[in-house]
1. Of all residues in the stretch 134-144, how many are within 9 Å of residue 36 (Cβ to Cβ) and touching a strand residue (DSSP E or B) at 6+ places or on another chain (Cβ under 9 Å)?
């Protein structure tokens with residue numbers, strides 16, 4: 001039974017690691033067909049950043065898996081301690097694993113807008129859409145995200 005539970009949780013862990021793309025040219029289903037405000041400007045600075053992955057699902061699933069594995073050890077009070085310790089260690093390991101697996105290279109792009117003012121947008125680095133300082137770009141606002149594109 002415990003083995004079946006552990007096997008059943010595994011696909012949930014991998015599904016939780018899948019993240020929506022954060023590049024300027026990726027859209028979720030809910031964003032498709034939605035109107036966006038477009039502002040034009042010139043890139044004034046670019047900084048490379050690390051976009052870290054979430055940790056909640058990894059913590060939960062790691063804790064459950066660690067608890068199940070810890071429960072296989074010993075008997076009586078030792079079994080209880082092993083279950084608690086396994087859950088704690090599994091939660092820490094799961095959190096760290098999901099954070100690392102979900103981390104991506106990002107860009108913080110600052111754009112001086114033609115209409116005045118500036119905006120800074122952080123998005124995933126996309127080798128198919130490179131950016132350079134001084135380059136003319138569009139800043140798209142609307143929905144749940146702001147993005148910079150050509």
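The values are calculated or read from the model by the stated rules, or taken from the named source; none is laboratory data. Keep in mind that this is a model prediction, so the values were computed, not measured. A quick note on method: Cβ atoms are made from the backbone with ideal geometry, for glycine too, and the neighbour counts reach across all protein chains shown.
1. Let us first name the residues in the stretch 134-144 that are within 9 Å of residue 36 (Cβ to Cβ), namely 140-143.
Subset that is touching a strand residue (DSSP E or B) at 6+ places or on another chain (Cβ under 9 Å): 140-142.
Total meeting the criteria: 3.
Condition check ((1) at pLDDT 75 or above; (2) assigned to a helix (DSSP H, G or I); (3) in the same structural domain as residue 130 (by TED's automatic domain parsing); (4) surrounded by 13 or more Cβ atoms within 10 Å (Cβ to Cβ)) across all residues:
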{"residue": "31", "(1), (2), (3), (4)": "no, no, yes, yes"}
{"residue": "42", "(1), (2), (3), (4)": "yes, no, yes, yes"}
{"residue": "78", "(1), (2), (3), (4)": "no, yes, no, no"}
{"residue": "89", "(1), (2), (3), (4)": "no, yes, no, yes"}
{"residue": "98", "(1), (2), (3), (4)": "no, yes, no, yes"}
